[in-house]
Amino acid sequence: MLKKNKDYRVMKKIGLIINPIAGMGGSVGLKGTDGLAHEALRLGSIPKALDKAKVFIEKISGLENLVEIVTCSGDMGENALKKYNFNARIIYFPRSENTTSSDTVEAARIMKNEDVDLLVFTGGDGTAKNIYEGAGESTTAIGIPAGVKIHSSVFAKTPGRAGELAKLFIEGKTTLTKEAEVLDIDECEYRKGNVNTRLFGYLTVPVERKFMQNKKAPSLKSEKSQQYEIANEVIRDMLEDEYYIIGPGSTTRAIMEILGLKNTLIGVDLIYNKKLIENDLSENQILKYISSSPAKIIITPTGGQGYLLGRGNQQISDKVVKTVGKDNIIIIATKDKIANLKGEPLLLDTGSNETDEMLKGYAKIITGFRETVIYKINS
C-alpha cells in the first residue's frame, strides 16, 4: 500500500548506498581503486565519494515531506545525511569501517527486499556491477558518478544532475524508465593500458537524456589519420621552456607517438621542450613540476560521453587546472568524436563547482591541421 504524507501526496522510499572508496585511485594515478584503497591513501588520495553524495542530497533537500530514505551506517550513507532532516532509517551495517564490494552487494539486496522506489548509489563501474548483483534489473536506480572510470550508462552526468533527476522522480514528474548497460573492465589489464570492457547486465534507470550520461564509445580505427593531423598541429605550436601535461586517450597519444616518446594511454604524461619528463604522474607529482613554471594541459573528451575532465583523468585535478589557468588548456578531438556528440555540450565533473564554473562557456577545439571549431562546455 502506498504511503501518503499529510498533503495526501505519495511518499517515495529512496535507497542510498555510498561506496566510500570510489574514485580514490584517480588523482594518484592508480586508474582504479579495486583492491588498492590503502595504497591510494598512502599516496595522498582524499576520499570524495561522500562529498559527491552530499551534492546529490542537497538537490533533493526541501522534499523531506515526500521522501523516506533507507541507507547504510557510517560513510556508506548515514554520515552524508547528518545535517539534513530527512526521515532516514539505517537498514544495513557493514562489518568493518573498511567496506568492501560485498557490503555494496548485500546492502543492494536488502534495499530490493525493502521495495525501494529508487536506489541511488555513489561509485563507479565496479559499484554499479555490485548494485546489479544485489538488486537485479528490476529496481529503478541512478548512479552518482564518483569512480575513476565510468563506462556504464546507468550514471547521471554529474552528482548535481543525479539530484535534479531524483527530484523529478520523487515529485512524479518523470515516470518512464529503460534498461541501461552495466559495464566494467579488468582493472589489472587497464593499468597495463589494455581496455577490455565487459557487459555484466542491466539496471533500470529513469529516461531523461538531459541528466543521464551515454556509455563510453571507443575510438574508431578510421580516426587514426585525424589524430595524427591534430597531433602535428599541436606540436607545431608548442612553446619552448613550458611543461605540457598530456592527458589520457588515443587522440593525445598521437602527440607522443609523433614525438617518439614513451606514453601511457590511460595515464597522464609530462613533456618539456618535446622531451619526456615522466610518465603516468599523479596529481601531486604534476603540481610539483608546474608550481613555479609555465605549463599547458592537452586533453581530449571521452568518446561518446563528452567528458573533458573528471572521467579517467582525475590526476588533472581542479588544483592542477587552477595552477595552469583556463587559457592554457588545449582541447583536441577528431571530427568524428565531435559529430558523435550530436550537438550535446562537452561536460565537466572536476568535483569543484568553482572550477567547473570557470571553464564553462565556449572553447576552441583543435580538430585537424589548421582546423578548429568553437564548441560549448557545460557542467
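The values are calculated or read from the model by the stated rules, or taken from the named source; none is laboratory data. Computed from a prediction, not measured in an experiment: that's the story for all the values here. Glycine also receives a Cβ, built like all others from the backbone with ideal geometry; neighbour counts cover every protein chain displayed. Calculation scope for accessible area: heavy atoms of the full protein, side chains included, ligands and nucleic acids excluded. Shrake-Rupley method; radii C 1.70, N 1.55, O 1.52, S 1.80 Å.
Before moving on, here are some points about what is shown:
- Summed over segment 90-136, the residues that are closer than 22 Å to VAL55 by Cβ and either assigned to a helix (DSSP H, G or I) or charged (D, E, K, R) (or both) give a count of 11.
- From the list ILE277, ILE245, the one residue that fits, being more than 30 Å from ALA108 (Cβ to Cβ), out of contact with any Asp or Glu (no Cβ under 6 Å at 6 or more places or on another chain), part of a strand (DSSP E or B) and open to solvent by 50 Å² or more (accessible area, probe 1.4 Å), is ILE277.
- Complete set of residues in segment 351-368 that are open to solvent by less than 90 Å² (accessible area, probe 1.4 Å) and more than 12 Å from LYS326 (Cβ to Cβ): GLY351, SER352, ILE365, ILE366, THR367, GLY368
- Selected residue [modelled with pLDDT of 75 or more and closer than 21 Å to ASN130 by Cβ] from LYS52, LYS59: LYS52
- Of the residues making up segment 307-327, those that are out of contact with any Ser or Thr (no Cβ under 8 Å at 6 or more places or on another chain), assigned to a helix (DSSP H, G or I) and either crowded, with 18+ Cβ neighbours inside 10 Å or aliphatic (A, V, I, L, M) (or both) are VAL320, VAL324.
- Only one of the listed residues (ASP34, ASP51, ASP115) is farther than 27 Å from LYS157 by Cβ, touching a residue at least 40 places away in the same chain (Cβ under 8 Å), of a type outside the set (A, V, I, L, M) and open to solvent by 20 Å² or more (accessible area, probe 1.4 Å). That residue is ASP115.
- Restricting GLU233, GLU240, GLU257, GLU229 to residues that are assigned to a loop (DSSP other than H, G, I, E, B) and over 24 Å from ILE150 (Cβ atoms) narrows the list to GLU240.
- The residues of segment 232-242 that are farther than 16 Å from ILE277 by Cβ and open to solvent by 30 Å² or more (accessible area, probe 1.4 Å), listed by number, are ASN232, ARG236, ASP237.
- Selection over segment 249-272 of residues that are within 19 Å of GLY325 (Cα to Cα) and open to solvent by 20 Å² or more (accessible area, probe 1.4 Å) gives a count of 1.
- When the residues of segment 328-350 are filtered to those that are hydrophobic (A, V, I, L, M, F, W, C) and assigned to a loop (DSSP other than H, G, I, E, B), the one that is surrounded by the fewest Cβ atoms within 10 Å (Cβ to Cβ) is LEU341.
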